[in-house]
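The values are calculated or read from the model by the stated rules, or taken from the named source; none is laboratory data. Keep in mind the model is a prediction, meaning the values are calculated, not measured. Note that we place each Cβ from the backbone using ideal geometry, even for glycine, and neighbour counts take in every protein chain shown. Each accessible area value is taken on the protein alone, full model and side chains, heavy atoms only, with ligands, DNA and RNA left out. Shrake-Rupley method; radii C 1.70, N 1.55, O 1.52, S 1.80 Å.
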Amino acid sequence: MSEQPFYVTTPIYYVNAPPHSGHAYTTIVADTVSRYHRLAGDRTYFLTGTDEHGDKIAQAAARAGETPQAYADRISGMFRETWTRMGLRFDQFIRTTEARHKRVVQAILQTIHDAGDIYFSEYGGLYCVGCERFYTEKEAVDGKCPDHQTPLEYVKEQNYFFRMSKYQDWLIRHIQEHPDFIRPERYRNEALGFLREPLEDLCISRPRSRLEWGIPLPFDDRYVTYVWFDALINYVSALDYPDGDLFRTFWPVAQHLIAKDILKPHGIYWPTMLRAAGIPVYRHLNVHGYWLMDEAKMSKSRGRVLSPLELADKYGLDALRYFLLREMAFGLDANFSEEALVGRLNADLANNLGNLLQRTLGMVGRYLDGGIPPVGEAATEGDRELQRAAETLHGRVAAAMEGFAFHKALEAIWELLDAANRYIDAQKPWELAKRDGPALARVLGFTCEALRLVGLHLSPFMPPTAEKIWARLGIAGSVADARLSEAGRWGGVPLGIARQGEALFPRVETGAAAPPHGATGKNETAASSDEITIEEFRRLDLRVAVILGARAVPGSKKLVELRVGVGAEERTIVAGILLDYPPAELVGKQIVIVANLKPTKLMGVESRGMLLAGTGADGKLVLIAPERSAEIGARVK
Ligand code: MSP
């Protein structure tokens, strides 16, 4: 079978702020699709990187008191480091400040200029520094940027313009003739909507008197290149356009991945730029929706972000990946909440997946000395049903992946898990163990085979978990090296000796201190051994507090509701200490709390803060307390 090339890109992220979970989502999607294509035997290339020029970066650097280059180096390093620590396997990380990228931008500008599609003119318009673009009166909302909600500035100056209008009719035709050029369909329609109005030419320069931080125009060095014109070209400069082998191999199959915020530059500017430069256009633009927090887009400019490394450390990298890919229907917005993440972790991962593996391998250990039986012929309707469910998985996942419907691919995998759970419950191996050896072997062999296929198809989504599943099933070699064409078949890979081990996903109790993630999380992210700076430590508001009242939370085995005094203030903290501290013994004790923890609801009670506890020699919790009576409310330094 010949290898098909597959090329996927993420946006190159602005270096004006560190990565957040919204950026992580797009990068995880790119990682997942490229892993899937690798598993399918394709030759894949996954590009990500950082966008480092323009007003926005120059201003952020000035605020940080650094040169733009030093600032870009630092933040770009954080993106690369974050993706690496999250196990994201990009093939290249491009930076727009690299000389090879600048050369390609200048070459393309020159080509378009020589062809007569770049001209000099004066323009006045409403400009947003955050977006680095002009807005039309129509697009502005009450004179403000529709995305940043900041006032637009009227800017008038002489500049260079790209004759984008010339390509309007061609682009409309191209989109109409290639229905999956921009997908899902709602974004194709949105792009066609932009094209219903006459397309204005694009201002592609900024006078150096106003902005130094950019790539000089090759035909007029009083100007630097507009940052979007520079940034979009990364998708070809990274492939060594025009003569590189990478460009020849991968450009014809290029697929971009973006969120809807940057549909216009990718759906309108970029194809017309490519057309003007004589470069074939990309194959697909895949557009997803926003991660929302409290109903609004997760974004730094709105002060609403979650760090992906912190989440991965707390819940485990694979749990985070699973949540992001399962919760968001690609193309639509989705809500991010830790509660929803924990809900999925406990229900789907700990229960449906983890328990099935644990109890199946437990029975293989108990009844068959660990030897997983080879899959034989189906004998009962139950066997046939499970086998059918397993055999259709391959096609369902492939179809979902082709359309970027990750939630559907995961749904299909979980339907097989449900089928396997039902099968075990119906076949009752614990009863077969007493009376029917061959049937017992068949049932456990079938279930393990279903689990193997689950592991295989899960591997692009949750790579370390998939490796663990295969290792536990005694399979030699790594699932990442398997190929769907053979390994995707029922009975396609022999199983070995079952390996017992700890739970794949320990349940997260929604008790006070969320337990730091156990073995799985720590190994995968290594983030728990992170060093933090003194500034980061200072953000923790630790206080001495006194317990004024305590009662067990009704209906909970672990939770205690504490009334605590912190200086003049009183607040409620819910803590998972009931097993080790009867409430009556707690009143009057001095403790140490984290006072600036985001409030959270536990069993319906709002908890504002967290107390600190260690573990005693007897394995029981011990509250951390001042060594002698301390001032209540005093900051712990
Ligand atoms: N530098 C430009 C892109 C240039 S590409 C040639 C840029 N950078 S950005 O840092 O703002 O990144 C935007 C992208 O980050 C989105 O398109 C999306 O991929 C991701 N996201 C940022 N916030 C997000 C959400 N709240 N939800 C979903 N995606 C998120 O634009």
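What order do 478, 629 take when sorted by accessible area (1.4 Å probe), most exposed first?
On the way: 478 45, 629 95 Å².
Heavy-atom accessible area, descending, gives 629, 478.
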Open item on the list: To make sure I understand the rule: partners must be aspartates and glutamates, Cα under 14 Å from the Cα of residue 428, and not fewer than 8 residues away in the same chain. Which ones qualify?
Closed with: 383, 436
- [ ] Enumerate the calculated ³J(HN,Hα) couplings along the range 482-489 in order (Karplus 6.51 cos²θ - 1.76 cosθ + 1.60, θ = phi - 60°), each rounded to whole Hz, writing x wherever the residue is Gly or Pro.
- [x] 6, 10, 4, 4, 9, 5, x, 7
TODO: Enumerate the amide H contacts of residue 600 below 5 Å, restricted to partners 5 or more residues apart or on another chain; note that Pro and chain-start residues carry no placed amide H.
DONE: 607, 609
Open item on the list: Taking 56 Å as R0, compute the FRET efficiency from the Cβ-Cβ separation of residue 63 and residue 585 and round it to 0.05.
Closed with: 0.65
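What relative contact order, as a whole-number percentage, does the chain give when Cα pairs under 8 Å and 6 or more residues apart are counted? Walk me through the numbers on the way to the answer.
On the way: 1090 pairs, mean separation 73.0, N = 637.
RCO, the chain: 11 percent.
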Open item on the list: Can you tally the net charge around residue 370? Count Lys and Arg as +1, Asp and Glu as -1, for every other residue whose Cβ sits under 14 Å from the Cβ of residue 370.
Closed with: +2
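In what sequence, highest mean first, do 389-397, 484-492 appear when ranked by Cβ atoms within 10 angstrom? Working shown, then result.
Values: 389-397: 19.1, 484-492: 16.8.
Highest-to-lowest ranking by the protection proxy: 389-397, 484-492.
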Open item on the list: Under a crude label model (7 Å from the Cα following the beta-carbon direction), how far is residue 73 from residue 620 in nanometres?
Closed with: 5.6 nm
TODO: Two decimals is fine: what is log10 I(q)/I(0) at q = 0.06, 0.09, 0.11 Å⁻¹ for the chain, from a Debye sum with one equal scatterer on every Cα and no solvent?
DONE: -0.41, -0.87, -1.14
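Just order 149-155, 333-339 by mean Cβ neighbour count inside 10 Å, highest at the front, would you? The partial results should precede the final answer.
Numbers: 149-155: 14.1, 333-339: 16.3.
Peptide ranking by packing, descending: 333-339, 149-155.
Would you please give the FRET efficiency between residue 347 and residue 283, computed as 1/(1 + (r/R0)^6) with r the Cβ-Cβ distance and R0 = 35 Å, to the nearest 0.05? Intermediate results must be reported in sequence, preceding the final value.
Details: r = 37 Å, r/R0 = 1.07.
The formula returns an efficiency of 0.40 here.
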Task: Whole-percent carbon and sulfur share, accessible surface of the chain, 1.4 Å - done: 50 percent
- [ ] Quick one: accessible surface of residue 510, probe radius 1.4 Å, all protein chains present, in square angstrom to the nearest 10.
- [x] 80 Å²
Task: Qualifying aspartates and glutamates (Cα of each under 19 Å from Cα of residue 601; at least 8 residues distant if same chain) - done: 294, 295, 338, 339, 509, 561, 570
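What does the charge count around residue 49 come to, taking other residues whose C-beta lies under 10 Å from its C-beta (Lys +1, Arg +1, Asp -1, Glu -1)? Don't skip to the answer; put the middle values down first.
On the way: positive: 80, 95; negative: 51, 52, 98.
Overall, the nearby charge balance is -1.
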Open item on the list: Cβ neighbours within 10 Å, averaged per peptide: list 207-214, 350-357 in order, most packed at the top.
Closed with: 350-357, 207-214
- [ ] Could you sort out which of 144/297; 56/637; 300/598 sit more than 25 Å apart by Cα distance in this structure?
- [x] 56/637
Open item on the list: Skipping prolines and chain starts, which residues have an amide H placed within reach, meaning under 5 Å, of the one on residue 335, given they are 5 or more residues away or on another chain?
Closed with: 292
Open item on the list: I want the local charge near residue 552. Using Cβ-Cβ distances under 15 Å, sum +1 for each Lys or Arg and -1 for each Asp or Glu among the other residues.
Closed with: +1
TODO: With the convex hull built on the Cα atoms of the range 5-334, state its orientation-averaged projected area in nm².
DONE: 16.3 nm²
- [ ] Please give, to one decimal in nm, the separation of the simple spin-label points placed at residue 598 and residue 219, each 7 Å out from Cα toward the Cβ.
- [x] 5.0 nm
Open item on the list: Can you compute the modelled spin-label distance between residue 122 and residue 481, with each label point 7 Å from Cα toward Cβ, in nm?
Closed with: 6.9 nm
TODO: Please sort by residue number the trypsin sites (Lys or Arg not before Pro) in the range 135-196 whose DSSP state is loop and whose Cβ has at most 10 other Cβ atoms within 10 Å.
DONE: 138, 196
Open item on the list: Based on alpha-carbon centroids, what's the gap between the range 307-376 and the range 175-195 in Å, whole number please?
Closed with: 35 Å
Task: Cut-off under 5 Å, modelled amide H: who pairs with residue 371 long-range - done: 498
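Helix check for the chain. Which DSSP H runs span at least 30 Å along their own axis by Cα, with a mean Kyte-Doolittle hydropathy no less than 1.0?
On the way: long enough: 381-402 (32 Å, -0.75); 406-427 (32 Å, -0.12); 437-458 (31 Å, 1.03).
Membrane-span-like by this criterion, though nothing is claimed about a membrane: 437-458.
Starting from the Cα gyration tensor of the range 240-349, multiply each eigenvalue by 5, take the square root, and state the resulting semi-axes largest first in whole Å.
Working through the eigenvalues yields semi-axes of 35, 17, 12 Å.
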Task: Heavy-atom accessible area per residue - the chain, 1.4 Å, Å² - done: 43 Å²
Open item on the list: Whole-Hz ³J(HN,Hα) for each residue in the range 569-574, computed from phi via Karplus 6.51 cos²θ - 1.76 cosθ + 1.60 with θ = phi - 60°, x for glycine and proline: what do you get?
Closed with: 8, 10, 8, 9, 10, 9
- [ ] Under 17 Å Cα to Cα from residue 434, which aspartates and glutamates show up? Leave out anything in the same chain fewer than 8 places away.
- [x] 369, 425
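Please give the contour-minus-distance gain from residue 100 to residue 430: 0.36 nm per residue of separation, less the Cα-Cα distance, rounded to one decimal in nm.
Numbers: separation 330, 0.36 × 330 = 118.80 nm, distance 6.51 nm.
Result for the pair: 112.3 nm of gain on full extension.
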TODO: Calculate, axis by axis, the spread of Cα positions in the range 1-151 along the three principal axes, and write the results as whole Å, longest axis first.
DONE: 56, 41, 33
Task: Karplus (6.51, -1.76, 1.60) ³J(HN,Hα), θ = phi - 60°, over the range 536-548, in Hz, Gly and Pro reported as x - done: 5, 4, 5, 5, 6, 9, 8, 9, 7, 9, 10, 7, 9
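Full extension from residue 388 to residue 402: what is 0.36 nm times the residue separation minus their Cα-Cα distance, to one decimal in nm?
Numbers: separation 14, 0.36 × 14 = 5.04 nm, distance 2.20 nm.
Length gained between residue 388 and residue 402: 2.8 nm.
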